[in-house]
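To keep things clear, I will list the structure first and then write my remarks on it.
The values are calculated or read from the model by the stated rules, or taken from the named source; none is laboratory data. Just so it is clear, the model here is predicted, and its values are computed rather than measured. No Cβ is skipped: glycine too gets one built from the backbone with ideal geometry, and neighbour counts run over all protein chains shown. All accessible areas refer to the heavy atoms of the entire protein, side chains included, with ligands and DNA or RNA removed. Shrake-Rupley method; radii C 1.70, N 1.55, O 1.52, S 1.80 Å.
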Amino acid sequence: KDIEFIRSYYYNKLEYTRFSSSVGKHVGFTEYGVRNAEYWNNNPSILSNMKAQKEVYCLNHVQNDYRAAL
(Lines give C-alpha, C1' and ligand atoms only; values in the text may rest on other atoms or scores of the structure.)
Protein backbone atom coordinates (compact mmCIF):
# COMPACT_ATOMS: atom_id res chain seq x y z
CA LYS A 1 0.00 0.00 0.00
CA ASP A 2 2.99 2.29 0.27
CA ILE A 3 3.76 2.06 -3.47
CA GLU A 4 2.75 4.97 -5.67
CA PHE A 5 2.65 5.00 -9.47
CA ILE A 6 3.41 8.41 -10.98
CA ARG A 7 3.44 9.24 -14.68
CA SER A 8 4.53 12.77 -15.55
CA TYR A 9 4.26 14.49 -18.91
CA TYR A 10 6.86 17.10 -19.86
CA TYR A 11 7.42 19.53 -22.70
CA ASN A 12 10.57 21.65 -22.88
CA LYS A 13 11.57 20.44 -19.39
CA LEU A 14 8.30 21.75 -17.93
CA GLU A 15 5.90 19.30 -16.32
CA TYR A 16 2.41 20.03 -17.58
CA THR A 17 0.41 17.00 -16.37
CA ARG A 18 0.88 14.23 -13.81
CA PHE A 19 -1.04 11.09 -12.91
CA SER A 20 -0.59 9.85 -9.36
CA SER A 21 -2.09 6.59 -8.16
CA SER A 22 -2.53 8.03 -4.67
CA VAL A 23 -4.68 10.87 -6.05
CA GLY A 24 -6.34 8.59 -8.61
CA LYS A 25 -6.53 11.15 -11.39
CA HIS A 26 -4.51 13.44 -13.64
CA VAL A 27 -3.52 16.88 -12.37
CA GLY A 28 -2.58 19.73 -14.70
CA PHE A 29 0.08 22.32 -13.90
CA THR A 30 -0.19 24.56 -16.97
CA GLU A 31 -3.17 25.76 -18.99
CA TYR A 32 -2.51 23.06 -21.57
CA GLY A 33 -2.00 20.47 -18.82
CA VAL A 34 -5.25 21.37 -17.09
CA ARG A 35 -7.18 20.87 -20.36
CA ASN A 36 -5.47 17.50 -20.93
CA ALA A 37 -6.10 16.41 -17.34
CA GLU A 38 -9.77 17.35 -17.60
CA TYR A 39 -10.17 15.37 -20.83
CA TRP A 40 -8.28 12.32 -19.51
CA ASN A 41 -10.14 12.32 -16.18
CA ASN A 42 -13.50 12.40 -17.99
CA ASN A 43 -12.57 9.42 -20.16
CA PRO A 44 -13.25 6.25 -18.11
CA SER A 45 -11.07 3.99 -20.26
CA ILE A 46 -7.99 6.21 -19.91
CA LEU A 47 -8.52 6.65 -16.18
CA SER A 48 -9.04 2.94 -15.51
CA ASN A 49 -5.97 2.11 -17.61
CA MET A 50 -3.80 4.47 -15.58
CA LYS A 51 -5.15 3.10 -12.29
CA ALA A 52 -4.33 -0.44 -13.45
CA GLN A 53 -0.71 0.49 -14.19
CA LYS A 54 0.13 0.32 -10.48
CA GLU A 55 -0.76 -3.37 -10.37
CA VAL A 56 0.67 -4.14 -13.80
CA TYR A 57 4.01 -2.42 -13.43
CA CYS A 58 4.77 -1.57 -9.80
CA LEU A 59 3.49 -4.60 -7.93
CA ASN A 60 5.03 -7.04 -10.43
CA HIS A 61 8.48 -5.42 -10.24
CA VAL A 62 8.75 -4.38 -6.61
CA GLN A 63 10.44 -7.62 -5.50
CA ASN A 64 13.14 -7.29 -8.17
CA ASP A 65 13.84 -3.68 -7.25
CA TYR A 66 13.81 -4.46 -3.54
CA ARG A 67 16.36 -7.29 -3.94
CA ALA A 68 18.57 -5.10 -6.13
CA ALA A 69 18.56 -2.38 -3.48
CA LEU A 70 19.70 -4.78 -0.78
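Brief remarks on what is shown
- Over the chain: helical MRE at 222 nm, DSSP H runs n ≥ 4 each giving -39500 (n - 2.57), nearest 500: -13500 deg cm²/dmol
- Mean Cα-pair separation over length for the chain, i.e. relative contact order, pairs under 8 Å, 6 or more apart, %: 23 percent
- Residues of type aspartates and glutamates that LYS25 reaches as a straight line, Cα spacing below 17 Å, ignoring anything fewer than 8 places off in the same chain: GLU4, GLU15, GLU38, GLU55
- Counted residue by residue at 0.36 nm each, then reduced by the alpha carbon distance between them, the extension gain from TYR11 to ASN60 reaches 14.7 nm.
- Each residue was assigned an accessible area with a 1.4 Å probe, and for LEU14 the value is about 100 Å².
- Helix 59-69 axis versus longest C-alpha principal axis of the chain: approximately 60°, rounded to the nearest ten.
- When the solvent-accessible area of the chain is split by element, carbon and sulfur atoms take up 52 percent of it, the probe being 1.4 Å.
- FRET efficiency for the ALA68 to VAL34 pair, using the beta carbon distance and R₀ = 25 Å, is estimated at 0.10.
- On the beta carbon distance between ASP2 and ASN49, with R0 = 22 Å, the FRET formula returns roughly 0.45.
- Per residue accessible area in Å² of the chain, where ligands, DNA and RNA are left out and the probe is 1.4 Å: 77 Å²
- By accessible area with a 1.4 Å probe, ligands and nucleic acids excluded, highest first: order of TYR16, TYR9, TYR32: TYR32, TYR9, TYR16
- Hz values of 3J(HN,Hα) by residue in segment 15-23 - Karplus curve (6.51, -1.76, 1.60), Gly and Pro given as x: 6, 10, 8, 9, 9, 10, 5, 6, 7
- Rounded if a/c under 1.5, otherwise prolate or oblate - the chain, Cα gyration tensor axes: oblate
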